[in-house]
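To start, the structure itself, in structure tokens.
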Amino acid sequence: MSDPDAIIEHKTWTLQPVREPDSQPVTHAMRCVVCGEQSDDSAEWSAPQTWALGHASRNPMHLTFSEVITRPWKAWMRP
């Protein structure tokens, strides 16, 4: 594919979190860094935290976790 010969109009794009009441919720999960197992996604923080503590108690060498946050974002063109 070749480069365009002319730019007809320059547009500025913006990216921002979606905050509408009907948007998908922000969810949290915890992932074990040692084995890669991960909790289910949850809109509440307590379920992933409980999973991580349970995973550590069942696997005494699995003590490091990463938080996984899923947040909906939207791109839009500025007028």
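Brief remarks follow.
- Single residue of segment 13-38 satisfying the filter (in a loop (DSSP other than H, G, I, E, B) and among the charged types (D, E, K, R)) that is surrounded by the fewest Cβ atoms within 10 Å (Cβ to Cβ): Asp22
- Apart from one condition, Gly54 fits all of (1) in contact (Cβ under 8 Å) with a residue 12 or more places away in the chain; (2) open to solvent by less than 60 Å² (accessible area, probe 1.4 Å); the exception is (1).
- Where Asp41 falls short, out of the listed (1) under 16 Å from the mean Cα position of the chain (by Cα); (2) loosely packed, with under 10 Cβ neighbours inside 10 Å: (2)
- Scanning segment 59-79 for residues that are farther than 30 Å from His10 by Cα, in a loop (DSSP other than H, G, I, E, B) and among the charged types (D, E, K, R) turns up nothing.
The values are calculated or read from the model by the stated rules, or taken from the named source; none is laboratory data. Please read all numbers here as calculations on a predicted model, not as lab measurements. Cβ sites come from the backbone with ideal geometry, for glycine too, and all protein chains shown count toward neighbours. Note: areas computed on protein heavy atoms with side chains; ligands, DNA, RNA excluded. Shrake-Rupley method; radii C 1.70, N 1.55, O 1.52, S 1.80 Å.
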